[in-house]
Amino acid sequence: MKHYNHIFFDLDRTLWDFDAAAEVAFERIYEKYNLKSLGISSAHEFHEVYHPLNEQLWVLYRADKITKDELNRTRFLKPLEHYGIHNTELADRLSEDYVYWSPRIVRLVSGTMELLDYLKPKYQLHLITNGFQEVQHTKLSGSGLEPYFETLTVSEEVGVKKPNPEIFRYALKKAHASAEESLMIGDEMAVDIDGARAVGMDTVLFNPKGETIEGERTFEVKRLMEITEFV
């Protein structure tokens, strides 16, 4: 079995349970701004409307078709407009509160700490993320994840986003690692896996729902602790 010296992780939806944290943040926002009075029946329903619209905006952001400010400005405006609410000031306030709360509500994917405890004595661990720099640093510092990682590479500091191979090359250089001795773990085939493969890294697709996903990867797991079976 191949030996690795460096293991790189994606953060959101790989170690950080992004959707669980977002649900709680939406509950707080819903109550604070009394969104029920505006015709939105529940925080969960509002999140269900928000989620696909936000995903579409992130696709545009990763492709450099919109800016960070445009993403933040639009991602609550569109869900509000779904309910016939045309209020840019409210959308801005919701966005500001969401950016504040979502990284401070600690929700980790099951098995995260157990896996990191297993890997830390054996490998150098690193993170590569497309998230916003201040948000990702807040997640790490408040969750207890920070001490496990030697380096953190955020797309904003590099100027390119996954799956652009340049962010992986940058992260490898920052870690003083070669692609041949490195393993990349992430939940998105097109973003994490394809980008890492493009620079010669072995990969692990974290696929907790067991979905049929096309594309080449070295390994695939449904649970994080399955990774201990081959590293």
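The values are calculated or read from the model by the stated rules, or taken from the named source; none is laboratory data. Computed from a predicted structure; not experimentally measured. Here Cβ is always computed from backbone atoms with ideal geometry, including for glycine, and neighbour counts include all displayed protein chains. Protein only, heavy atoms only, side chains kept; ligands, DNA and RNA dropped before computing areas. Shrake-Rupley method; radii C 1.70, N 1.55, O 1.52, S 1.80 Å.
Of note:
- Test for T151: is it touching a strand residue (DSSP E or B) at 6+ places or on another chain (Cβ under 8 Å) and under 23 Å from V24 (Cβ atoms): no
- Of all residues in the stretch 57-66, those being basic (K, R) and surrounded by 13 or more Cβ atoms within 10 Å (Cβ to Cβ) number 1.
Matching residues to (1) over 30 Å from A175 (Cβ atoms); (2) open to solvent by less than 30 Å² (accessible area, probe 1.4 Å):
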site	(1), (2)
M1	no, no
L11	no, yes
D19	no, no
R73	yes, no
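- Hits in the stretch 28-56 (condition: hydrophobic (A, V, I, L, M, F, W, C) and in a loop (DSSP other than H, G, I, E, B)): I40
- Sole residue being open to solvent by 60 Å² or more (accessible area, probe 1.4 Å) and out of contact with any Asp or Glu (no Cβ under 9 Å at 6 or more places or on another chain), chosen from E214, E181, E188: E214
- Matching residues in the stretch 133-155 - criterion: being out of contact with any Pro (no Cβ under 8 Å at 6 or more places or on another chain), surrounded by fewer than 15 Cβ atoms within 10 Å (Cβ to Cβ) and outside any loop (DSSP other than H, G, I, E, B): Q133, E134, S141, E146, P147
- Hits in the stretch 88-98 (condition: buried (at least 18 other Cβ atoms within 10 Å of the Cβ) and touching a residue at least 40 places away in the same chain (Cβ under 8 Å)): L94, Y98
- Test: residue in the stretch 169-178 that is of a type in the set (F, W, Y), over 19 Å from G111 (Cβ atoms), at pLDDT 95 or above and surrounded by fewer than 22 Cβ atoms within 10 Å (Cβ to Cβ): yes
- Cβ-Cβ distances below 6 Å connect the following pairs, each with a first residue in the stretch 99-115 that is within 24 Å of R73 (Cα to Cα), a second residue that is crowded, with 16+ Cβ neighbours inside 10 Å and hydroxyl-bearing (S, T, Y), and a separation of six or more residues or different chains: P103/T138.
- Taking the stretch 57-114 and the helices (runs of 4 or more DSSP H) fully enclosed by it, the elements with 1 or more residues that are modelled with pLDDT of 95 or more and farther than 23 Å from E156 by Cβ are at 77-82, 88-101.
- Of the criteria (1) out of contact with any helix residue (DSSP H, G or I) (no Cβ under 8 Å at 6 or more places or on another chain); (2) surrounded by 14 or more Cβ atoms within 10 Å (Cβ to Cβ); (3) not charged (D, E, K, R), which one G39 fails: (2)
- Of all residues in the stretch 44-56, at least one satisfies being surrounded by fewer than 19 Cβ atoms within 10 Å (Cβ to Cβ), among the hydrophobic types (A, V, I, L, M, F, W, C) and at pLDDT 95 or above.
- Considering residues of the stretch 191-211 that are farther than 23 Å from K120 by Cβ and crowded, with 19+ Cβ neighbours inside 10 Å only, the residue farthest from the chain's Cα centre (by Cα): R197
- Test: residue in the stretch 114-123 that is open to solvent by 50 Å² or more (accessible area, probe 1.4 Å), within 30 Å of H3 (Cβ to Cβ) and in contact with a Ser or Thr (Cβ under 8 Å, 6 or more places away or on another chain): yes
- Within the stretch 116-128, the set of residues being assigned to a helix (DSSP H, G or I), over 16 Å from D12 (Cα atoms) and touching a strand residue (DSSP E or B) at 6+ places or on another chain (Cβ under 9 Å) comprises L119 only.
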